[in-house]
Every structure is written in C-alpha cells, then in structure tokens.
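Peer 1: I have a structure here, written as structure tokens, and I will follow up with some questions on it.
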Amino acid sequence: MYAAQQLYYNGRVQEATSGKIFTTVDPATAKPIAEVHAASERDIDSAIASAQAAFPSWSQTPPLVRSRILLKAVSLLRERNDEIAKVETHDTGKPFSETSTVDVVTGADVLEYFANLVASGGLNGETTQLRPDAWIYTKKEALGVCVGIGAWNYPIQIALWKSAPCLAAGNCMIYKPSEVTPLHGQILAKIYAEAGVPPGVFNIIHGDGAVGGYLTKHPGISKVSFTGQVSTGQKVAASAAGGMKYVTMELGGKSPLIILPDTELENAVDGAMMANFFSTGQVCTNGTRVFVPRSMKSAFEKRLVEKMEYIRSLEPMDPNSNFGPLVSETHYKKVLSYMQHGVEVDKASLLYGGYSKPKAIPRGYEQGFWVQPTVFTNCTDSMKITTEEIFGPVLCILPYKTIPEAIERANKSKLGLAAGVFGKDLNQCHEVISKLQAGITWVNTWGESPAEMSVGGWKQSGVGVENGRRGLNAWVREKSTLVEGGGAVGTVFAKL
Ligand code: NDP
C-alpha cells in the first residue's frame, strides 16, 4: 500500500476537506494500493488562489532562469526513473519493461525540450518595420493559471507534456490526474518543488469528473488542456467556452494503418502488432483498422498468428513481460463487451484471442484485469468494432483491393487522430500519407512521439497540438504593439 494521497498546492501537501475518499487499485491484482482524498470546491479555490499569487513573479522570471529550474527537475526525474516507473507499473498495470523505458523518459524529454526552447529564444516575438519611422513588435506572454486534466493511460507522461510547456512559458498549473491513476501527482509536484519551482506554480488536485468540471468553468482559469475521451472533451470544451478560455483537446482515435502491397511481410506484421498491442492497446493513437491488400491477406494472417505467441503476460516487474492487464475493472468490462460484440453481432472472424479469460495469467495475479490480445479478420467498415474506439488490444484486419479504395475507407471516420502507411516505395507512402485525414502520421513505423514532433488530432480527435515548437504557442498569447516614431500624431481632427 502507498500512503494516502492528499492534494498539493501552495508548495506543500494539503489535506482535502471534501470528506470524499476513493481507492486506487493495482490492475494486475485488483487489490487496493492507495486511498485518495478528493478536493472540495473550497480546496480548489484555495489551490487556484495560490497559483494566482505565484503567477506575477513566475511569469516575470527570465526564461533562462525558469529553464534552469526545469532542467533540474529533468535531472531528478531521470535519477529516479526506475523508482517512479515502479509506481506507474502498480498504478497502471503496465509492465516495468515499458514504464521504465517510455513513461518517465518521454515525459522528461519533453520537459527538457521546452526548458531549452524558452532559454534559446522560443518566446521571442517578431519585429516588423512598417514605415521608416514606424515599427510593429509582438510579444508572447503567459496566459495565467491553467488547468491540465489527464487520462489514465500515460499518467506521468501526460502530466509532463502539459506542465512542461505551461511552466516554461511562465504560466502556473492546476493538474488533475485521472482518478484511475493518481499516484504520480504528488511525485511530480515534489520533484518540481525540489528543483526550485516556487510554491503555487504547480499544484495537484484529486477528484472525479465533478472536480474536473468545477475547474474548467472556474473564472480564475485562463486555459484548459485536456486529454481524454471525445465525449468528455466535448463537455470540457463547452464549459471552457463559456469563459472564452483557451483550450487544447487531445482526444480519442480510431486510426487506420495501410499496408501497401510492396511491404515486406515481417515489417507489415511487426508494425501492425506495435500499433495494436503495445501498452495492451491502451494508446490513443493505436492503428486499430489494419488495411491489408487481398493478395497479402493469408500470408499476413499466418505470420501474425505466429508472432502473437511473442506477446507475454508475465509478472509486471519481470523484464520479459510485454503485455499487462487492462487498467481497471470498468475498462476491462468495456473491452470484453466489444470483443463479444465483434464475435456475436458484427460477426467478424475471430483469428486470435477472444473474450474468454486468458490461460497464461501469472500465478498470484488471477484476479487482475487480464485479457487476451485479439485479432479479428474479414472486418467491414460498418462494424461497431471498426468504427468505435475500443482502447484495448483488438486488431481488426480490413482487406482491400486498390490503394485509392483503402485511402477512401481509411478516411471514413469522425475521428482523425493518427494514421500510418507501410511500404517499400517511399514516394508512394508520401502520396498516401498526404491523402489521409489525421494529425499524427507515420511511415514505416508506429507510435513514436518524440518531444520535437507536434501531435494533435484532426476532426473530432482534438483541437491544437502538444509538443514541438508549435506546442509552446498553445501556452502563450500574443500582444502586438505599433510604435510611431515620426514625432507628430496623425489626426483627422485638424482645423480646416
Ligand atoms: P475520460 O474522458 O474518461 O477522462 C479524462 C479525464 O477527464 C479524467 O481525469 C477524468 O476524471 C476527467 N473528467 C471526467 N469528466 C469530466 C468533466 N465533466 N469535466 C472535466 N474533467 C472530467 O478519458 P479516460 O481517462 O478514459 O482516457 C482514455 C481516453 O483518452 C481515450 O479516448 C484515449 O483515446 C484518450 N487519450 C487521448 C490522447 C491524445 O493525446 N489524443 C492520449 C491519451 C489518451 P476521472 O478519471 O476522475 O473521471
């Protein structure tokens, strides 16, 4: 068991006053691992007040100085990588082989990227000479107190992807982790404090959707950056719109992966597996609709089934484990119901896995939320399993005849988060990518999302981007100033 999780604001742990306590469980065992104390509205008001008090000084701190502090936090995160990864493994169920190489690492990279960006002129504006004696200059200014609301699949990574550019740009943040995976909150807040981030600049509030809702409509908040489901994102964006708050929305997907006929079979299979089974399929950008040329279908299926045997559900801390349980009982039931629907209602052909309990659950972990990695084939575009986000390890093979047909079908979705193509002819890959309606795209790879790459969804998958140079602009507002140097003020109110 971990210590009870309280709130963190104004530079220290603070007791929540709502009297509401929820429990977080280890999904690998289904056993409780910590009690979490939810914030009351009064607590949230206090946290926001502490952030408002911190804002004038933090926003006026020179970017180079802010950068130095944030880089110290980067070092602390890297020093404590394995310790934090272990907590994330308990909280999310993800194998340690994954949390120790991805979750903290990719979060720290983004913090390092934005710290360096603001220290090297990333917040500079533009100067334009309008006339010989008139100039326009622009300035990027921090927004104020911002809210971050995270999903449960990459807890500390999401908290860092939001707080890194937010703090680097001079804003303060109130961050609400998902109720399902809250343990990283205190850890990150304490690391920021140890690095020298002043009290009130980064704060943690725990609670459910109602707490999130109170935060998004609070008049003291300037921006909301949200990661989660489309349906929740719609509520959050609507609530923020009432106060004309800036928003960034990182939402769900149902992304297509197109395998071109010239793709090497091994690459096609490896790419499709990485796009579907990494993190037990709980990745927003998963390439769940796998378009396979009819001519390659049987060879692809045969090799895929062979390679599915390399998916290993072992004890989460075993370095050879590469497939954990689903994150919670609720999510487990949801994913199983999609698998069942695929078999019984959609009538897709079940090629591998299914909704029965997996046989290879590690000893002592039988009560956890383990599922079988599952492959459906002969899928069609109108099935529920090919149209709705499952957010689990369910790969759907959609056979196609011609490339234009595959592109047209790939784009038949309300969502547009990610897309990818595999093939030997790079020119053809570029052409296909140029026609796919998605904000995050890959050629001959899947899933890598480095700090340098701006990521954000099209259509209902989101608004705005995170990371990359464009990611910083989401945390500032521009001020344009026109300076007249001619001496006399131009006026129409002169004497006739
Ligand atoms: P949810 O939308 O259920 O929850 C996300 C967060 O919103 C949680 O912290 C949740 O709190 C909070 N919340 C719930 N209701 C409200 C409300 N009315 N106002 C404000 N906040 C609220 O998403 P999941 O946690 O289930 O995450 C999975 C989803 O996230 C998938 O759709 C996935 O695709 C998407 N995602 C998108 C990413 C991207 O970059 N595009 C990256 C990762 C995930 P609580 O948990 O306490 O209910």
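Peer 1: What is the gain in length, in nm to one decimal, between GLN60 and LYS495 on full extension, counting 0.36 nm per residue of separation less the C-alpha to C-alpha distance?
Peer 2: 152.0 nm
Peer 1: Spelling out what I want: for every residue of the stretch 78-89, take phi, set θ = phi - 60°, compute 6.51 cos²θ - 1.76 cosθ + 1.60 (Karplus), and round to whole Hz; glycine and proline get x.
Peer 2: Along the stretch 78-89, the couplings run 5, 4, 9, 3, 5, 4, 5, 4, 5, 4, 5, 4 Hz.
Peer 1: Which of rounded, prolate or oblate describes the stretch 141-278 when judged by the alpha-carbon gyration tensor and an a/c cut-off of 1.5?
Peer 2: Prolate.
Peer 1: Moving to a separate point now. Sorted by packing (mean other beta-carbon atoms within 10 Å per residue), highest first, where do 86-93, 49-56, 131-138, 154-161 land?
Peer 2: In descending order of packing, they fall as 154-161, 86-93, 49-56, 131-138.
Peer 1: What are the radius of gyration and Dmax of the stretch 209-359, computed over its Cα atoms and given in Å?
Peer 2: Every Cα atom of the stretch 209-359 included, Rg and Dmax give 19.7, 59 Å.
Peer 1: Give, rounded to the nearest 20 debye, the magnitude of the charge dipole that the chain has about its Cα centre when Lys and Arg contribute +1 at Cβ and Asp and Glu contribute -1 at Cβ.
Peer 2: Dipole size: approximately 980 debye.
Peer 1: What translational diffusion coefficient, to the nearest whole µm²/s, does the stretch 308-360 have by Stokes-Einstein, given a Kirkwood radius computed over alpha-carbon pairs, a temperature of 20 °C and 1.002 mPa s viscosity?
Peer 2: My calculation gives 170 µm²/s for D.
Peer 1: Filter the GluC sites (Glu not before Pro) in the stretch 220-283 to those in DSSP coil with at most 15 other Cβ atoms within 10 Å of their Cβ, and list the result.
Peer 2: Filter output for the stretch 220-283: GLU264.
Peer 1: Another one. Which chymotrypsin sites (Phe, Trp or Tyr not before Pro) in the stretch 436-496 pass both tests, a DSSP loop state and at most 11 other beta-carbon atoms within 10 Å?
Peer 2: Those that pass, being in a loop and sparsely packed, are PHE493.
Peer 1: Let me ask something else about it. So for the stretch 176-224, what percent of the C-alpha to C-alpha distances run longer than 17 Å?
Peer 2: Value for the stretch 176-224: 44 percent of Cα pairs lie more than 17 Å apart.
Peer 1: Which of ALA115, GLY170, TRP370 sits closest to the plus end of the dipole of the chain, meaning its Cα is farthest towards the positive end, when Lys and Arg get +1 and Asp and Glu get -1 on the C-beta?
Peer 2: GLY170
Peer 1: Considering the stretch 311-453, what Rg and Dmax in Å follow from its alpha-carbon atoms?
Peer 2: Spelled out, the Cα radius of gyration and Dmax of the stretch 311-453 are 17.3, 51 Å.
Peer 1: Using alpha carbons only, how many angstrom separate the centre of the stretch 391-467 from the centre of the stretch 331-363?
Peer 2: 25 Å
Peer 1: With a ≥ b ≥ c the root eigenvalues of the C-alpha gyration tensor of the stretch 457-496, is it rounded (a/c under 1.5), prolate (a/b larger than b/c) or oblate?
Peer 2: prolate
Peer 1: If amide H atoms are built 1.01 Å from N in the plane of the peptide, which residues on other chains or at least 5 residues away come under 5 Å of the amide H of GLN229?
Peer 2: Answer set, sorted by chain and number: none.
Peer 1: For TYR400, list long-range residues whose amide hydrogen, built 1.01 Å from N in the peptide plane, is under 5 Å from its own amide hydrogen.
Peer 2: Sorted by chain and number, the residues that satisfy this are VAL292, ARG294.
Peer 1: What Cys residues in the chain are without a partner cysteine, judged by a Cβ distance under 4.7 Å?
Peer 2: If one checks each Cβ against the other cysteines of the chain, CYS146, CYS166, CYS172, CYS284, CYS429 turn up with nothing under 4.7 Å.
Peer 1: Looking at the stretch 348-417, which trypsin sites (Lys or Arg not before Pro) are in a loop (DSSP not H, G, I, E or B) and have at most 12 other Cβ atoms within 10 Å?
Peer 2: Hits after loop and neighbour filter: LYS359, ARG363, LYS401, LYS414.
Peer 1: Project the alpha carbons of the stretch 370-496 onto their principal axes and report the range along each, largest first, in whole Å.
Peer 2: Taking max minus min along each principal axis of the Cα atoms, the stretch 370-496 gives 83, 37, 29 Å.
Peer 1: Using alpha carbons only, what's the Rg to Rh ratio of the stretch 380-453 with Rh from Kirkwood?
Peer 2: 0.95
Peer 1: Would you mind ranking HIS331, HIS341, HIS184 so that the residue whose beta carbon has the fewest other beta carbons within 10 Å leads the list?
Peer 2: With the sparsest Cβ surroundings first, the list reads HIS341, HIS331, HIS184.
Peer 1: Can you list, largest first and rounded to whole Å, the semi-axes you get for the stretch 26-160 by taking the square root of 5 times each eigenvalue of its Cα gyration tensor?
Peer 2: 37, 21, 13
Peer 1: Over what distance in Å are the Cα centres of the stretch 178-237 and the stretch 71-101 separated?
Peer 2: The distance from the Cα centre of the stretch 178-237 to that of the stretch 71-101 comes to 20 Å.
Peer 1: Another question, if that's okay. For a paramagnetic label modelled at 7 Å from the Cα of ALA488 toward its Cβ, which residues of the stretch 127-154 fall within the zone defined by backbone nitrogen distances under 19 Å?
Peer 2: Under cut-off, by backbone N: 131-135.
Peer 1: As I understand it, the dipole of the chain uses +1 on the Cβ of Lys and Arg and -1 on the Cβ of Asp and Glu, about the Cα centre. Which of MET308, VAL236, GLY353 lies farthest toward its positive end?
Peer 2: VAL236
Peer 1: To continue, here is another question. Shape call for the stretch 120-198 from the C-alpha gyration tensor, a ≥ b ≥ c root eigenvalues: rounded (a/c under 1.5), prolate (a/b greater than b/c) or oblate?
Peer 2: The shape class here is prolate.
Peer 1: Here is a further query. What translational D, rounded to a whole number of µm²/s, comes out for the chain from Stokes-Einstein when the hydrodynamic radius is the Kirkwood one over Cα pairs, at 20 °C and 1.002 mPa s?
Peer 2: 90 µm²/s
Peer 1: Report, by chain and number, residues whose modeled amide H sits under 5 Å from the one on MET173, excluding near sequence neighbours (fewer than 5 apart, same chain).
Peer 2: Answer set, sorted by chain and number: CYS146, PHE202, ASN203.
Peer 1: How much of the DSSP bridge set in the chain is antiparallel, in percent, rounded to the nearest 5?
Peer 2: Counting only bridges with both partners in the chain, antiparallel ones make up about 45 percent.
Peer 1: Something else about it: Calculate for the chain the 222 nm mean residue ellipticity that helices alone would give, adding -39,500 (n - 2.57) per DSSP H run of length 4 or more and normalising by residue count, nearest 500 deg cm²/dmol.
Peer 2: -11500 deg cm²/dmol
Computed from the coordinates by the stated procedures, all read-outs in this text should not be read as laboratory data. Every value quoted in this text rests on a predicted model; they were computed, and no experiment measured them. Note: ideal-geometry Cβ built from the backbone for every residue, glycine included; neighbour counts use all protein chains shown.
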